[in-house]
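Here's the structure, in structure tokens; my notes come after.
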Amino acid sequence: MATADIRITFDGTPPGHIARYLPGANVSGVVRVTPTGGAKCSHLWVKLKWQTEGRGDKDESVIQSLDVFQGQLQGGVPAEFPFRFELPREPWSYAGHYVNIVWGVEVDVDVPWSGNPRSFAPFAMAPAWAG
């Protein structure tokens with residue numbers, strides 16, 4: 001399996017919209033993986049993480065990882081894996097002039113002796129503002 005179609009959906013978020021969560025909230029959804037060819041999967045990781053984007057050094061932190069599958073993936077046959085994470089209180093999502101803090105769920109399909117198919121789905125995590 002050199003490639004796979006990986007779709008990450010968040011519960012309660014309509015297609016085409018970015019998911020938004022409060023600090024400390026639960027993030028849940030489903031990962032759908034459709035490999036182009038069959039392959040042994042050593043691990044299928046679903047990770048809650050944040051990363052920086054923009055100028056300067058890149059930084060990231062994996063808050064939690066779930067090993068949701070180990071075994072044979074069938075080519076062309078979709079497999080679905082639910083996930084659920086509890087968000088920490090910080091850092092909040094941030095879009096600045098020089099740097100952004102982007103939260104998201106990353107999927108990493110660990111395939112021996114091959115490049116790992118990966119996907120990242122961003123979401124926003126910030127407190128509700130009264131206004």
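The values are calculated or read from the model by the stated rules, or taken from the named source; none is laboratory data. Note that the coordinates shown come from a computational prediction; the quantities given were computed from them, not determined experimentally. Here Cβ is always computed from backbone atoms with ideal geometry, including for glycine, and neighbour counts include all displayed protein chains. Each accessible area value is taken on the protein alone, full model and side chains, heavy atoms only, with ligands, DNA and RNA left out. Shrake-Rupley method; radii C 1.70, N 1.55, O 1.52, S 1.80 Å.
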Checklist entry - Which condition number in (1) under 14 Å from the mean Cα position of the chain (by Cα); (2) hydrophobic (A, V, I, L, M, F, W, C); (3) outside any strand (DSSP E or B) is the one that PHE120 fails? => result (3)
Checklist entry - Within the stretch 46-55, is even one residue open to solvent by less than 50 Å² (accessible area, probe 1.4 Å), at pLDDT 95 or above and among the aliphatic types (A, V, I, L, M)? => result yes
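Here is a list: VAL62, VAL68, VAL46. Which entry is of a type outside the set (Lys, Arg), touching a residue at least 60 places away in the same chain (Cβ under 8 Å) and assigned to a strand (DSSP E or B)? Explain how you work it out, then say what you get.
Details: VAL62 fails: touching a residue at least 60 places away in the same chain (Cβ under 8 Å); VAL68 fails: touching a residue at least 60 places away in the same chain (Cβ under 8 Å).
Only one candidate qualifies: VAL46.
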Checklist outcome for this item: Counting only residues in the stretch 32-41 that are open to solvent by 30 Å² or more (accessible area, probe 1.4 Å) and in a strand (DSSP E or B), the one farthest from ASN100 (Cα to Cα) is identified as LYS40
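Out of the stretch 7-31, which residues are in a strand (DSSP E or B) and of a type outside the set (Val, Ile, Thr)? Show your work before the answer.
Residues of the stretch 7-31 that are in a strand (DSSP E or B), as a first pass: 7-10, 20-21, 26-31.
Across the stretch 7-31, the qualifying residues are ARG7, PHE10, ARG20, TYR21, ASN26, SER28, GLY29.
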Checklist outcome for this item: Listed by first then second residue, the pairs whose first member lies in the stretch 3-32 and is among the basic types (Lys, Arg), whose partner is assigned to a loop (DSSP other than H, G, I, E, B), with beta carbons under 7 Å and at least 6 positions apart or on separate chains, are ARG32/PRO78
Item to check | Test: GLY56 is farther than 21 Å from ASP11 by Cβ and outside any strand (DSSP E or B) | outcome: yes
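Kindly indicate which of THR52, THR13, THR36 is among the hydroxyl-bearing types (Ser, Thr, Tyr) and closer than 15 Å to ARG118 by Cα.
On the way: THR52 fails: closer than 15 Å to ARG118 by Cα; THR13 fails: closer than 15 Å to ARG118 by Cα.
On inspection, the qualifying residue turns out to be THR36.
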Checklist entry - Is the stretch 62-81 home to any residue that is under 18 Å from PRO122 (Cβ atoms), open to solvent by less than 80 Å² (accessible area, probe 1.4 Å) and more than 15 Å from the chain's Cα centre (by Cα)? => result no
Checklist entry - For the stretch 71-85, which residues satisfy the criterion of being free of Cβ contacts under 8 Å to residues at least 40 places away in the same chain and either in a loop (DSSP other than H, G, I, E, B) or of a type in the set (Gly, Ala, Ser) (or both)? => result GLY71, GLN74
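Among PRO88, PRO127, which is the only one that is modelled with pLDDT of 95 or more and outside any strand (DSSP E or B)? Show your work before the answer.
On the way: PRO127 fails: modelled with pLDDT of 95 or more.
Exactly one residue qualifies, and that residue is PRO88.
If we keep just the residues of the stretch 7-26 that are in contact with a Lys or Arg (Cβ under 7 Å, 6 or more places away or on another chain) and not small (Gly, Ala, Ser), which is least open to solvent (accessible area, probe 1.4 Å)?
The residue in question is PRO23.
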